[in-house]
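Shown next, in structure tokens, is the structure this report addresses.
The values are calculated or read from the model by the stated rules, or taken from the named source; none is laboratory data. Just so it is clear, the structure is predicted and the values come from calculations on it, not from any experiment. Cβ coordinates were reconstructed from backbone atoms using ideal geometry, including for glycine residues, and neighbour counts include every protein chain displayed. Protein only, heavy atoms only, side chains kept; ligands, DNA and RNA dropped before computing areas. Shrake-Rupley method; radii C 1.70, N 1.55, O 1.52, S 1.80 Å.
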Amino acid sequence: MDKLVIDNRGELSGTIDISGAKNAALPILMGSLLAETPVKLSNVPHLMDVTTTIQLIGSMGVEVMFDEELRIEIDASNVTSKEAPYDLVKTMRASILVLGPLLARFGEAKVSLPGGCAIGSRPVNIHIDGMEKMGAEIEVENGYIIARSEGRLKGADILMEPVTVTGTENLMMAAVLAEGVTTLRNAAREPEVSDLATFLVKMGAKISGIGTDTLVIEGVERLHGVDYEVIPDRIEAGTYLAAAAVTKSKLTVNKVNPIHLGVVLDKFREAGAKVTTTANSITLDMRDRELLPVDIVTDPYPLFPTDMQAQFLIMNALASGESTIKETIFENRFMHVSELIRMGADIKVDGKTARIKGVKELYGAPVMATDLRASASLILAGLVASGDTVVNRVYHIDRGYELIEEKFHKVGAHIYRLTD
Ligand code: EPU
């Protein structure tokens, strides 16, 4: 299994181009199953989860091709299988997102039930209940969700509680081909949800309320192909900005939409950074500035994202004072804490809250990545720790950060991969 070794101690400087958003690309790839003619996608990041998705829709008979500009062309005119097998779902929970499109277009789907994962139990009851409300018959048998619909799904009024990103996406994809109007209340407002909605509208769907917590979807009979560019990855951008903060450096992230990082940029400023933006770039300057502790509570968009929690935790671990971070979205998303403690951090977890006392120095150590964002925080810790940090189980990072070593090399970080 690959490892990342980080023996950095110096400042970083320069510009990093941000890739397309993983959490927008995955639902959009699955949403391509709804189109009767080919879809062309650009700005799709090269990530393990994207490869898994292509494998998944490919196994259903969808033709996937890459053109010379690395755009992906997806032709779902000949879908032969409506099944997402356990082998693929177990490696990527987002596979559940084929349920809505398959059921809406073909009236049937068989999708392995995702199990729990490192960050929490992550049930999919809201996806299933919503589709049942739309008239689907759903059974869970031998670990599989087996869904059927007699004719088209029917529009319904659905209240989702709690707010769920993939739940909103799955139900939106089910509703676009349903008969009548579906109202999704308490919908997730994440930019990735809006990107999927915009993509579906370009394919001929009728969706209003995009970007709000109430989505109204008037079903249409068919959807067509489209050329579409995926939005930039706000979490990847935020992670590199956090790298600038912990290393007291100045970095610019390019090809990004600063509006998507609103509250996150406010928190960077509260942490003492100078943050400036243009229409498509963000510069964070932490040179000769004191890293200040910031209290954080994670919440659905537009509030502070859980996917940036681990990165702010390591910032706080190095800040001049005490802080708390409350994780309200996932019940087990502090797995990085015990690894950071091994590197010298002073953090105590009490239920949903981490209490952090800033320390002056961290020490390199072999550490274990447990999930994608936890791994990112270990790399950030490695960038400032004295001595070598070896991050094991790097496959977690490869699921969500495109070309991470290359991007860090470009701004002067010492980080390299050991392949067994
Ligand atoms: N929930 C339910 N029932 C459901 C669905 C969700 O109780 O049917 C609960 C979950 O257990 C959780 C909360 O609702 O406590 C929110 O979970 P959500 O469904 O929003 O999470 P998700 O859709 O599974 C997506 C991202 C995550 C990101 C979360 C929160 C994708 C593919 N994944 O997950 O991304 O953390 O939203 O913003 O979009 C990551 O990129 O590292 C990552 C984990």
Subject >> Model label zone, SER13; criterion: amide N under 13 Å from point 7 Å along Cα-to-beta-carbon; scope region 248-275 >> reply: 249-252
**OP:** Mind checking the full-extension length gain between THR276 and ASN78? Use 0.36 nm per residue of separation minus the Cα-Cα distance, one decimal, nm.
**Re:** 66.5 nm
Original post:
Quick one: Cα convex hull volume of the chain, Å³ per residue?
Top reply: 127
Original post:
For region 110-137 and region 37-60, what is the separation of their Cα centres, given in Å?
Top reply: 22
Original post:
So how do 316-322, 278-284 stack up, highest first, on mean other-Cβ count within 10 Å?
Top reply: 316-322, 278-284
Original post:
FRET efficiency for GLU331 and GLU68, Cβ-Cβ distance as r, R0 = 45 Å, nearest 0.05?
Top reply: 0.50
Original post:
Using alpha-carbon positions, what is the distance between the centroids of region 142-215 and region 220-234, in Å?
Top reply: 15
Original post:
Considering every pair of different Cα atoms, what Kirkwood radius, in Å, is found for region 7-129?
Top reply: 15.8
**OP:** With only Lys, Arg, Asp and Glu charged, each at its Cβ (+1 for the first two, -1 for the last two), find how big the charge dipole of the chain is about the Cα centre; round to the nearest 20 debye.
**Re:** 920
Subject >> Area of TYR416 that stays accessible when all protein chains are in place (1.4 Å probe, Å², to 10) >> reply: 100
**OP:** Report in % the part of the accessible area of region 251-388 that belongs to carbon and sulfur, leaving out ligands and nucleic acids; probe 1.4 Å.
**Re:** 51
Subject >> Sequence-distant residues sharing a close amide H with TYR363 (under 5 Å, placed H) >> reply: GLY344, SER386
**OP:** In whole Å, largest first, what are the principal axis extents of the Cα atoms in region 159-231?
**Re:** 32, 30, 17
Original post:
Rounded to the nearest 5, what % of the DSSP beta bridges within the chain are antiparallel ones?
Top reply: 70
Original post:
Residues of the chain: accessible area per residue at 1.4 Å, in Å²?
Top reply: 39
**OP:** Express in Å², to the nearest 10, the accessible area of PHE304 obtained by rolling a 1.4 Å probe over the protein heavy atoms while all chains stay in place.
**Re:** 10
Subject >> Residue among ASP75, ASP49, ASP67 with the largest mean-square fluctuation in a Gaussian network model of the chain, springs linking Cα atoms under 10 Å >> reply: ASP67
Subject >> Gaussian network model of the chain, springs between alpha carbon atoms under 10 Å - residue of ASP371, ASP266, ASP233 with greatest fluctuation >> reply: ASP266
**OP:** Putting +1 on Lys and Arg Cβ atoms and -1 on Asp and Glu Cβ atoms, find which of PHE330, ALA84, ILE231 reaches farthest to the positive end of the dipole of the chain.
**Re:** PHE330
Subject >> For THR164, residues with placed amide H under 5 Å, excluding near neighbours >> reply: ALA188
**OP:** Just the number, please: percent antiparallel of the DSSP beta bridges in region 271-420, rounded to the nearest 5.
**Re:** 70
Original post:
Residue by residue through region 305-312, which ³J(HN,Hα) values in whole Hz follow from phi under the Karplus form 6.51 cos²θ - 1.76 cosθ + 1.60 (θ = phi - 60°), with glycine and proline marked x?
Top reply: x, 4, 6, 10, 5, 5, 5, 6
**OP:** Per DSSP H run of n ≥ 4, the term is -39500 (n - 2.57); total these for the chain, divide by its residue number, and report the mean residue ellipticity at 222 nm rounded to 500 deg cm²/dmol.
**Re:** -8500 deg cm²/dmol
Original post:
Looking at region 286-419, what % of the alpha carbon pairs are farther apart than 22 Å?
Top reply: 34
Original post:
What is the distance, in nm, between label points placed 7 Å from the Cα along the Cα-to-Cβ direction at ASP299 and at GLU322?
Top reply: 2.4
**OP:** Provide the FRET efficiency to the nearest 0.05 for the ILE259-GLU221 pair, computing r from the beta carbons and using R0 = 35 Å.
**Re:** 0.50
**OP:** Would you grab the residues whose amide H sits under 5 Å from the one on VAL226? Only those 5+ places off in sequence or on another chain, please, with H modelled 1.01 Å from N.
**Re:** VAL39, LYS40
